[in-house]
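Laboratory data are not the source of any read-out in this text; all were calculated from the coordinates shown. As the structure is a computational prediction, the values presented were derived from the model and not from experiment. Note that we place each Cβ from the backbone using ideal geometry, even for glycine, and neighbour counts take in every protein chain shown.
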Amino acid sequence: MSRQSHFCAKAGHVTLSYASPIDGHSDSSAEPATKRRRRLDSMGWAPVEGHSPGGCECAACSRPKSQLESLPAELLDRIAHDLGANDVACTLRLLSRTLAAHFRSHTAVGLSLPVPHHAFVRRFGRWSDVRSLSLSQRRKLLALTAASGSVANLRVVAGGPGVTQALGTAGCALTAEVFTAAAAAGQQRMCRELYDLGCPWDSSTVEAAARHGGARLVRALVLSGCRWDYARGLCAAAAGGDWEVVMALIRLHELGHSWSVSEWDDEGSKSAWASTEGEDDESDDEESDDGSGNYSDAEDTGAALPRSWQDSTTANADAVVGAGTVGAKATGADAAAELVTTADAAARAAAAAVDMAALRRRLAVTGLDAVNGWDLLSAAAYGLALQPLAELAVRLGAVRQPPPLVCLSNAVAAALLSPTPDWRAKAEWLEMHCADASEAAASAARSEVTGRPAKGALDWHSASAAARMGRLDAEEKLWLLVPLSLEELMERMSWARRRGYRVGLPPADLLPLADAAAMRAALSWLLQDQETFSARELRCKYFASDLVNAAAAGGHVGVLEALALEQQRALEAAGAAAEGGPSSSGQPGQRVREAAEGGAVQPAAPPAWAPQAALAAARQGQLPLIRWLVATWGPGETLDRGMWCAAASGPAARSVVQFLRESSCPGRLEPHDVATALKGGGGDGEAVLEWLQQQGWALGAGAMEAAAEAGDLRALCKLRKIGCELRTSLWEPAVEQGWVEVVEWLWQQGCALPEEEQYSKRSAAPARRTPKALLETAIEKGDVGMLKVLATLLETSCAAVRAATVGMAQLAYTLRSAVFESPCRSLPLIRLVLQQTRTPGEGGAYPILDGWRGVDTYENEGFAAGSRSSSTAVTAAAFDGWVRKVKGGFRQTEELSKAVEGILKCARSLAVGGLGRGGDRNPRVDESLQTSFELLSGALDSCLERLSDQVGQVMEWAPEEGAEEEDEGEAEVEDGEGA
């Protein structure tokens, strides 16, 4: 039974189904004995012969039994606990039916963790196992495998070893995202392998390593030639909390570094670094083999605290704990007040204890402008401990020249979001030493007028942006970085309000949206501040938009209900304050509380954000929340024309659209909305089409293109049956998204290729069909698998089709120019294009060199003198080095060829003109010319042979050559880290 890999992009997992004598209950006697024995031997535990209870002799029950089956369940669980989760799913549970039943919940395999090689090869060992995935999913497979650190598995899907073999079963070129994923996981050995493969890298690679990879990996990347942005690298290192990485980047910038192509510099750079930074050797020796750097085990829970923090923060943390112990002796409200007072006093004492005189003697950090310096201050306030933060701030000049009040407020907000235990001391120190005197005086004057301190508003979103520096996904949820509880967050916001800051709504991903009661309490406390949340602000259409969108997308009805109630209470309180008396209902919020006590918890007036919440819910298919909005405030106040498009793009398009129709939502489902529904159908486009037909909706002209872009073959077949025409516009989305099976289906259905451009309007010849644009798209994206499929289809077509179609050989100049200008750097890709565009008899004595002279046109933009993008350019060191060697070889052959031609020209001149005395030939001259000709010709041949050998090492990709196909088990492969 052939295996196919099906990838669900929204769920983030790959489901691989194949026949199995265990889970599939197939006849094991059909499996050859040698193959079964080899499979069982590779699983680690040798089975023993045995019979099933009851004397059943069927093939399924008489198979060899594993010795582990006789162990107690508790012992099996202990064994599974010591093994990796992937080992249990891919090996242990496949030993027998009994073990499969015991570990039935272990079927999710995290691709970002090491996967047993035998299981990985069975699932991704051939192009036929991966070709059903789109290009983005194949690239994601490469990135997850690189993050796992398994070099053996990477060589299956990415190829190797070496840049000339850098193409595996994934059928696509490596991208900078793959290198960045390995750097973010701290996989130093994997980074070395990717370097040798010629994988591109850019400044995000260094930033990811600075955030997670450790100082040794950062130094290796920079000294090996990776481009990096100094300011962003420092911000990522500071947000990651590794002071050693911050100092390493500063030192690298001070010493200067070369961006030229070089060899991977790891151990050599370490020994050279030891002469200038003696502390690095000790810290490098502490790094683990998996590249985890100097992080403690707390990183697994998201509260990663580098060991370099622990010594500097222990005293401050102990002081706060001691303050809590003293405060615990009191009771009630007095106990809470005493605890807060004591904690604040301890934090101020810790901030005052920083030796500022010693810090001012340190050298200043140079190379940053004012804006980058302020951004770095916020990142350091989030990630670093108090002492490193103070040193960096002093060296940046933030104490000598304080930042503006808004920048200081951003830094304080970042400190309040910090996972370090000394967050309060950091905020106190920032206020103590980084506040501008004039602005502080103006703030004090305003506080005298208003009767309360006024220091500006805390910008939580700027602080969260600083916290995310160096993360792979800029939209990653903040709670994955800072696991703060609501109590901790309320404590920090209370501190900020006591110090005179206007505290707005924090980022939604920090709030407990699943707990409506806790959210009601938090919102009630926040909206009490009438200066921050004025009536104008509360009535604004975009009030609490972040919270509204997050709650609606998650279907949290209770959160939106609490927001509406507390918002109404705050509006009543603001109105009462403006009138100088109580609200119309007696007390602020009394009408809301009375409604709540009566059981009908419904705000009187619809909030301005109700339509926005309905749109966000429709995009995520949250029909219960949409029903609540309509039931509470009516369809006229919550539904608008944009709901149809939003509903069509969501995962529950059919149910939401049906509800909109029943609720008389303004507008209708337009034809382009049908295309949107097909794109978001998640492979279930056929059912969507059937429902649309039943409802009588018009499909529109873009339905076929939408199904092709989504890679939904069933929807395409359904559309074809109901009469939709095949158009040339279907090719481009299928090729661009990398859907190989869709492209093959279009060819089988006879879909016409785009027409060739007619350069002369007077030409009477019919325009031929050309795959030029499709081939250029595949080359630009580095999709070798798609390019191979297109070439095969063109080669195997009938004579009539070939006569009416422009062949790849006729597009040689265009395609060869495209491959050398492609941003995807892959030597196997170049060889494939050169082979497919070669004409018979081309190449002369060395046909393998045909077309490779085109590398002379390759120039990396990062090496251009004066290039503005030189620090952020995407480069590929091993690829660039290989190309430079080939270019040097071709230049040598050109010079030698000119020398040989010069000798021949001289010999011809002597033979024709008789330049010797009296017309006599000088034998010594002829002998010298002959000797020179032979030596130079030999040198030219030697150079050409060396070039041929170098070019001949580039692999010719054979998709179906791979590991032996074995059919076993059924597993669901899912990235355990939310990929």
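Pull out the extension gain between residue 406 and residue 898, defined as 0.36 nm times the separation in residues minus the alpha carbon to alpha carbon distance; nm, one decimal.
170.3 nm
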### Task
Grab the beta carbon distance between residue 528 and residue 662, set R0 = 35 Å, and tell me the FRET efficiency rounded to 0.05.
0.30
#### Entry: Near-label residues of the stretch 665-697 by backbone N, under 19 Å of a point 7 Å along Cα→Cβ of residue 627
665
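Given the convex hull over the Cα atoms of the stretch 202-263, what projected area results after averaging over all orientations, in nm²? Write down the numbers at each step before the final one.
On the way: hull surface 14.0 nm².
The orientation-averaged projected area of the Cα hull of the stretch 202-263 comes to 3.5 nm².
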### Task
May I ask you to compute the full-extension gain from residue 432 to residue 691, defined as 0.36 nm times their residue separation minus their alpha-carbon distance, rounded to one decimal in nm?
86.7 nm
### Message
Past 29 Å, Cα to Cα: identify those pairs from 772/885; 679/772; 140/887; 455/541; 140/788, in the order given.
### Response
772/885; 140/887
### the stretch 677-817: C-alpha gyration tensor shape, a/c 1.5 cut-off, then a/b vs b/c
prolate
### Task
Using packing as a proxy for protection, rank 115-122, 818-825 so that the peptide with the highest average count of other Cβ atoms within 10 Å comes first.
115-122, 818-825
### Query
Among 136-142, 891-897, how do they line up from the highest to the lowest mean number of other beta-carbon atoms within 10 Å?
136-142, 891-897
#### Entry: Computed FRET value (nearest 0.05) for residue 487 with residue 457, which takes r as the C-beta separation and R₀ as 22 Å
0.45
### When the convex hull of its Cα atoms is projected in every direction, mean area for the stretch 772-838 (nm²)
4.0 nm²
### Message
What value in Å³ per residue do you get for the convex hull of the alpha-carbon atoms in the stretch 62-177?
### Response
127 Å³
### Query
Which length gain, in nm to one decimal place, applies between residue 853 and residue 800 when the Cα-Cα distance is subtracted from 0.36 nm times their residue separation?
15.6 nm
### Query
What's the FRET efficiency of residue 98 with residue 355 using the Cβ-Cβ distance as r and R₀ = 60 Å, to the nearest 0.05?
0.35
## Note on the structure
Highest mean packing first, using Cβ neighbours within 10 angstrom, the peptides 931-937, 182-188 sort as 182-188, 931-937
### the stretch 630-662: trypsin sites (Lys or Arg not before Pro) in DSSP coil with no more than 11 other Cβ atoms inside 10 Å
641
